[in-house]
Structure formats: C-alpha cells, structure tokens
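Heads up, the thing below is written out as structure tokens.
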C-alpha cells in the first residue's frame, strides 16, 4: 500500500513540474510581446537561388545569446528547409508556417560554433543576423550539406553596410 502512495506522490510532483515548465514558457512569450512576429513567407516568391535541408536550431536576441525567442513559431528546434530567394531567406520549420527573413532586414551572415543549447564543430552552424521589427536577432541553422553556398547567397543579398558583431563572438 505504501508503494501506491509513493507512486502517487511521484506522479503529482511530475505533474507539478510539467505545469511549471509550461507556465514558464508562456511567461517567456509574454515578456517577448514587444517583439514583432516573423513575416509569413508569401507563396509567390521568385525562384530559389539555393535550397537545402537542415535543422533550425534557435533564434536569440543579438545582445543576449541565451535569450531564446519563442514567439511566432521560433521557439522549438526542428527539421527545416532553407531557401534563398531574391526577396530574402525562406525558412520552413517542420510543423510551422514558412517564414521570410527579408533581404533588407539581414544584418550579417556567417558561421558559428555554439548557441543556446547546441555546440558543434568549428563553424558548423550558419548564423543569420537580422532585424525582427525593432529587435536585432540571430538565427542559427544547421545545414546538412556544405553550407558555403547558402552563406554566399545570403551574403550576396545583404545591403552594403558595415558587418554586425555576432552574439557568439564568431567571425562571420
């Protein structure tokens, strides 16, 4: 009989833990209410300059690489199709509507080694530094093939401007 009470106690603690995690996630979303939602990718984008499969890793504030952006479907890691068009970068994360990072909002592009909860080999992540409304953010992608073509095509889209500093201190 005592084992039933112990099991019940463990289940109650587990339920409280899950409830608290969900509550914390929603609170993070409320704290980020001042950030603009990412733009939905239109269906009539021009032809892709390059398209590849990969993984969406995270988006964080540029000045705080540990502050994950959770609004607008950017909160969870997942498989993604990344395509570069003349209008910008189309990011289709599994289970989410496609998003468009306009070419005019891209501040920088380069390679990184780490982000919030991911460390990979040197330069194993593609870092796209861009402006989401008035907030500068960094998006990290893990490209399964050689990411050089993606980085080069995004760099060609960027408006001519001085290069931005990345939050992870990498050389883009």
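The values are calculated or read from the model by the stated rules, or taken from the named source; none is laboratory data. From a predicted model like this one, the values you see are computed outputs, not experimental measurements. Here the Cβ positions follow ideal geometry from the backbone for every residue, glycine too, while neighbour counts run over all protein chains shown.
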task: Please give the number of the condition residue 72 fails out of (1) in contact (Cβ under 8 Å) with a residue 40 or more places away in the chain; (2) under 14 Å from residue 137 (Cα atoms); (3) within 11 Å of the chain's Cα centre (by Cα).
output: (1)
query: Considering only residues of the stretch 75-86 that are at pLDDT 95 or above and over 11 Å from the mean Cα position of the chain (by Cα), which is surrounded by the most Cβ atoms within 10 Å (Cβ to Cβ)?
result: 82
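Yes/no matrix, rows are residues, columns are (1) under 24 Å from residue 117 (Cα atoms); (2) surrounded by 10 or more Cβ atoms within 10 Å (Cβ to Cβ); (3) in contact with a strand residue (DSSP E or B) (Cβ under 8 Å, 6 or more places away or on another chain):
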site	(1), (2), (3)
11	no, yes, no
15	no, yes, no
29	yes, yes, no
35	yes, yes, yes
41	no, yes, yes
48	no, yes, yes
51	no, yes, yes
54	yes, yes, yes
65	yes, yes, yes
task: Determine, yes or no, whether residue 141 is within 23 Å of residue 34 (Cβ to Cβ), under 15 Å from the mean Cα position of the chain (by Cα) and not in a loop (DSSP other than H, G, I, E, B).
output: no
query: Before we move on, is residue 93 under 18 Å from residue 75 (Cβ atoms), crowded, with 19+ Cβ neighbours inside 10 Å and modelled with pLDDT of 95 or more?
result: yes
- request: Please determine, by comparing only the residues of the stretch 144-172 that are in contact with a helix residue (DSSP H, G or I) (Cβ under 9 Å, 6 or more places away or on another chain) and modelled with pLDDT under 95, which one is nearest to residue 51 (Cα to Cα).
  value: 157
message: With the structure loaded, tell me whether residue 120 is modelled with pLDDT of 95 or more and surrounded by fewer than 18 Cβ atoms within 10 Å (Cβ to Cβ) or whether it fails that test.
response: no
field: Qualifying positions in the stretch 35-60 - more than 27 Å from residue 144 (Cβ to Cβ) and either in contact (Cβ under 8 Å) with a residue 12 or more places away in the chain or not assigned by TED's automatic domain parsing to the domain that holds residue 150 (or both)
entry: 35, 36, 37
